[in-house]
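These notes concern the structure reproduced below.
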Amino acid sequence: MSPALLTVSLILAGWLVLALGSLVLTADWSRRLVFPLCALLSMGLVVACLGHDHSSVDTGYWPIGLAGEVTPVRLDSLSCFFLILLGLVSAAVSLYGAGYFRDMSQTQPEALHRVTFFYPLFLASMGGVLVADGAYGFMVAWEVMALSSWFLVTLDHDVLAIRQAGFLYLLMAHLGALCLMVCFGWLAVNGDFDFSAMRQAHREAGSASVIFLLGLLGFGAKAGLLPLHVWLPEAHPAAPSPVSALMSGVMLKMALYGMLRLLFDLLGHPLWWWGVVLIVVGSLTALFGVLLAALQFDIKRLLAWSSVENLGLLFSGVGLTVLFHSAGQDTVAALALAALLYHALNHSFFKGLLFLASGSVLHATRERKMAKLGGLIRVMPWVAGVALIGTLSLAGLPPFNGFVSEWLMLQAYLLRPDFPQAWLDMTLPLGAAVLALVGALSGYAMVKFYGIVFLGQSRGLDVTMVHDAGYWERSAMLWLAAGCLLLGVLPNQVMGYLNGLTQTLLGPEGRVSVAHQGWLWLTPLSSQRASYSPLILLGLIAMGVLMTWWGVRRTFHGRYRRAPAWDCGYPAQTWRMQDSADGFGQPIKQIFEGIFGLSRVIPDPQDPAPHYHSEVHDPFWSILYKPLTHLLERSSDLLSRVMRARIALYLLYSFLTLLGLLALVTGSVP
Amino acid sequence: MSAWVWFFQLIQGVMALLLAPLLMGWMAYCRARFQHRRPSSLWQPLRQWIKLFHKEVVLAELASPLFRVTPYALFGILALTAGLVPMVLTDLPLSGAVDVIALAGLLSLARVILALAAMDVGTAFGSLGARREMLVAFLAEPALLMVIFASASLNASTSLSKMAATTLDRGFYLYPSLAFSGVAFLLVLLAENGRIPVDNPETHLELTMIHEAMILEYSGRHLALIEWANALKMLVYFSLGMVLFFPFGLSRGGSGWEIALSFIGFIIKLLIFGVALAILETVSAKQRLFRVPEYLGGAFLLAVLAILLHDLLGT
């Protein structure tokens, strides 16, 4: 075992030790020790993986496993990238947890104990998924990941809604795991479940396609792709905020990792139509997710729907990569792949940041409904400041990180090579159109998120009691916010790292040279084609703003006076006159009414106490899930007619079966 | 030579700052003429803003730092974009830092910041304006990106200088795809700048206003900066349209005479554009707000159609 792999293994073992160690400590001490140590181990993970060389592949064995066998493990550039992502985000989340769970040590020590046990276990299991080099190890880690996160989701299990969300999560996680198990069963060669054996095998297009579809179902259920997304907006908000941040920021990426591992490593030669399937499913998921995000009025549900959107974008990026790769255009494929990996990293940072910020809001106000929040920028300046960075990043605006990956993805869409299938040339721009629409809509959703929660007047909440985040929380959020900015302004450094990774996945041609003009300029393919320099842009923006300020102050004056808001001269102004979260989403509701189920109660004009109520439903419940449960109930009804729980009846059945068998036997024997 | 290039970069920035109010003044002048009113001076917008700069700022009690920073940020960002779009010379030293997609990103950054500032004070009109602005934005922005896409496919580049240069080399041809995306761009330009079929910059009629609703709480120098930034945005859209569809007249450096000629050409194009927009605004009426999605959806589809046409017909 190489030193890097050994370090990674030891860090995973360290997380396990922390989990077990928390059992012997008191709740308060385990909080004080476990979270900072988790953060330390996360940083160790990042350091160990950053030093790993792209071309080298380390393999080894863990001396534990099912039925006395050993578990093969492997560290290559793909797992390294995702381990770095895990380390960077979980370091921040662990720091945050050290402060966030402080109150619980008095009020709910038992629940805190559960957190300190399952939290390190959750981290270790995600690391396990990434290093496993056999189907056994992978599935065990995958299941531990699902279960440990389930325990964290259902922390407040005395609330009915959370129990229901937890059940739904468990159900979908296991449906997905079932598909994965069948998928690996199909992949196995002569009963050998090691990935190394699977890589060697030659498969026909038919069986490879079945494996791909099973994998898409399994990983898609974890990533929340349409129509398997229903658990995501329920489970993510139910968990405590640091756990939500970890689930949205990191756990969903495990599905992406699995898909990439399956497509480019285990199967090897993806077919072109898989790419089409992935693009269609991914784009529809992204569009649906962002529309629903814009309509939510619970802060964490809004963020969860936005995660659905982002995972959709990532999977459509995978589809694009597959399409280019199968057409033999590895340079463009590398651009698409690098863009999507970049976006995965970005999403982990800004979504983690926003979930943590919403956790601080929740902690300070005890309120998740946007209808009650507002004006927090004046009482929580720290949280509002970092949340603004997260908001602008998520909305995909320059010079923050969300824009870089969107820009790269658009460049990949623009570089359409000639496909053997002529109609593909024509339909690919539609994917770009969806990407543009999704980007613009996520801007809408983010203005709603930030504007309603942090700006405006407080909506009936007593803000004098609200406090800003503590030091642990602040440092964690600053870490992620700094990441958003750095990933935004130093794209060449990130792309330089990703180049090695795309090359190992796509072959020697699969690299994009981005630094034709030096490290300042991001120039994919050639400087004639396109260039973008976020660092210069940031400098220019800063210069422009400062010069404006200086010029105006110097030439004129800086006097101002405070007065009540003017508002076109209306004398009475209350907080009720601002847009509610519902009101802000109204145009979306109006325009896209046909897409989702909408039930509206509009009061009668004569009603002395009018009450307006509208609710948006996820149509997949009524289209897919309700009929499915209905079918299940009907069939069990039919079955219950046969099974009357009376011994005489059952004896009769046995007798009749026996008679039938006898008749069969006597009939076949002459 | 390189010092000259930097000098021109600087000159263009300053020129844009001055041309923007004159463009607004010229458009108001033409409109007044068409509507048989007595026009005000071309310098009127600039005079207005200087007056505002001298006045005291009245700040709403609840206004947070975000509200106070926004005018400066808005002006800084839009002045920057105005400095980066090729207006006279195709090649500017800094235009490589921002390609056309990043330019669209900068414009939407400016818009998001203003929408957030509008929600900051928490008045009825502020959030109403922000909501309507974002409604227009989420339809107009993808349409703009698709327009850009169509041109970028034709020129195999998204760099502004390169796109202009390629079109100049090719000479003037009427491409069907460019015709479609040109119409889409015009629709987007009107919507994004709050011109007549979508918004009316001259009224404070509460039921219909979008942009004005957002900036109701601003006064004094803040208001002047925002209005100036808005004028800059108009200029940016105009020069962007010129780069994408009609870069003829742009100079690639060369002698001083050529540059001077190119500058005059730019002014003439600007004057014609002002007249055309004034005619358009005089003969058309403002739409209801709920017709706007259809209008902009139409623009989006036209632009997508342009790309498909490009793929179908080739270059």
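Check residue A:598 against each of (1) free of Cβ contacts under 8 Å to residues at least 24 places away in the same chain; (2) more than 10 Å from chain B (Cβ to nearest Cβ); (3) loosely packed, with under 15 Cβ neighbours inside 10 Å and name the one condition it does not meet. All conditions pass for residue A:598, except number (3).
Within segment A:453-473, if we keep just the residues that are away from chain B (no Cβ under 14 Å), of a type in the set (A, V, I, L, M) and surrounded by fewer than 23 Cβ atoms within 10 Å (Cβ to Cβ), the residue that is farthest from residue A:407 (Cα to Cα) turns out to be A:465. Does residue B:201 fit the bill of being open to solvent by 20 Å² or more (accessible area, probe 1.4 Å) and closer than 24 Å to residue A:570 by Cβ? Spelling it out, residue B:201 is indeed open to solvent by 20 Å² or more (accessible area, probe 1.4 Å) and closer than 24 Å to residue A:570 by Cβ. Could you tell me whether residue A:171 is assigned by TED's automatic domain parsing to the domain that holds residue A:304 and surrounded by fewer than 23 Cβ atoms within 10 Å (Cβ to Cβ)? Taking the combined requirement at face value, the residue satisfies it.
Taking the criterion of being more than 8 Å from chain A (Cβ to nearest Cβ) and either of a type in the set (Val, Ile, Thr) or part of a helix (DSSP H, G or I) (or both), the residues of segment B:78-89 that qualify are B:78, B:81, B:82, B:83, B:84, B:85, B:88.
Pairing each residue of segment A:563-590 that is facing chain B (nearest Cβ under 7 Å) with any residue that is open to solvent by 80 Å² or more (accessible area, probe 1.4 Å), provided the two are 6+ apart or on different chains, yields C-beta distances under 6 Å for A:564/B:61. Screening B:75, B:138 for residues that are buried (at least 24 other Cβ atoms within 10 Å of the Cβ), within 7 Å of chain A (Cβ to nearest Cβ) and without any contact (Cβ under 8 Å) to a residue 12 or more places away in the chain leaves exactly one candidate, B:138.
Go through segment B:141-183 and count every residue that is of a type in the set (Val, Ile, Thr) and buried (at least 22 other Cβ atoms within 10 Å of the Cβ). First the steps, then the outcome.
Taking segment B:141-183 and keeping what is of a type in the set (Val, Ile, Thr), we get B:147-148, B:158, B:166-167, B:183.
Next cut, buried (at least 22 other Cβ atoms within 10 Å of the Cβ) only: B:147-148, B:158, B:167.
The number of residues fulfilling the criteria is 4.
When you check residue A:553 against the structure, is it out of contact with any Gly (no Cβ under 7 Å at 6 or more places or on another chain), surrounded by fewer than 14 Cβ atoms within 10 Å (Cβ to Cβ) and under 28 Å from residue A:453 (Cβ atoms), yes or no? It is false that residue A:553 is out of contact with any Gly (no Cβ under 7 Å at 6 or more places or on another chain), surrounded by fewer than 14 Cβ atoms within 10 Å (Cβ to Cβ) and under 28 Å from residue A:453 (Cβ atoms). Is it the case that some residue within segment A:345-354 is among the basic types (Lys, Arg), in contact with a strand residue (DSSP E or B) (Cβ under 7 Å, 6 or more places away or on another chain) and more than 13 Å from chain B (Cβ to nearest Cβ)? Within segment A:345-354, none of the residues are among the basic types (Lys, Arg), in contact with a strand residue (DSSP E or B) (Cβ under 7 Å, 6 or more places away or on another chain) and more than 13 Å from chain B (Cβ to nearest Cβ).
Any chance segment A:499-507 includes a residue that's open to solvent by less than 60 Å² (accessible area, probe 1.4 Å) and either part of a loop (DSSP other than H, G, I, E, B) or within 13 Å of chain B (Cβ to nearest Cβ) (or both)? For segment A:499-507, residues open to solvent by less than 60 Å² (accessible area, probe 1.4 Å) and either part of a loop (DSSP other than H, G, I, E, B) or within 13 Å of chain B (Cβ to nearest Cβ) (or both): present.
Residues in segment B:230-282 that are touching a residue at least 12 places away in the same chain (Cβ under 8 Å) and part of a loop (DSSP other than H, G, I, E, B): B:246, B:247, B:248, B:249, B:250, B:252, B:253. When residue A:542 is tested against (1) in a helix (DSSP H, G or I); (2) open to solvent by less than 20 Å² (accessible area, probe 1.4 Å); (3) within 11 Å of chain B (Cβ to nearest Cβ), exactly one condition is not met: (2).
When you scan segment A:370-410, how many residues do you find that are of a type outside the set (Val, Ile, Thr) and open to solvent by 30 Å² or more (accessible area, probe 1.4 Å)?
Result for segment A:370-410: 8.
Taken over segment B:270-297, residues that are open to solvent by 30 Å² or more (accessible area, probe 1.4 Å), within 21 Å of the chain's Cα centre (by Cα) and closer than 30 Å to residue A:431 by Cβ amount to 1.
Table: residues versus (1) facing chain B (nearest Cβ under 8 Å); (2) free of Cβ contacts under 8 Å to residues at least 24 places away in the same chain.
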{"position": "A:398", "(1), (2)": "yes, no"}
{"position": "A:401", "(1), (2)": "no, no"}
{"position": "A:427", "(1), (2)": "no, yes"}
{"position": "A:435", "(1), (2)": "no, no"}
{"position": "A:441", "(1), (2)": "yes, no"}
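Which of the following residues is more than 11 Å from chain B (Cβ to nearest Cβ), crowded, with 21+ Cβ neighbours inside 10 Å and touching a residue at least 60 places away in the same chain (Cβ under 8 Å): A:476, A:445? Result of the check over A:476, A:445: A:476. Those helices (runs of 4 or more DSSP H) of segment B:112-194 in which 1 or more residues are touching a Cys at 6+ places or on another chain (Cβ under 8 Å) occupy B:124-155.
Of note, residue A:327 satisfies the criterion of being away from chain B (no Cβ under 14 Å), open to solvent by 10 Å² or more (accessible area, probe 1.4 Å) and hydrophobic (A, V, I, L, M, F, W, C).
The values are calculated or read from the model by the stated rules, or taken from the named source; none is laboratory data. Given the structure is predicted, the values throughout are model-derived calculations rather than measurements. When we count neighbours, we look across all protein chains shown, and the Cβ atoms used for this are built from the backbone with ideal geometry, even at glycine. Just the protein is used for accessible areas: all its heavy atoms, side chains included, with ligands, DNA and RNA removed. Shrake-Rupley method; radii C 1.70, N 1.55, O 1.52, S 1.80 Å.
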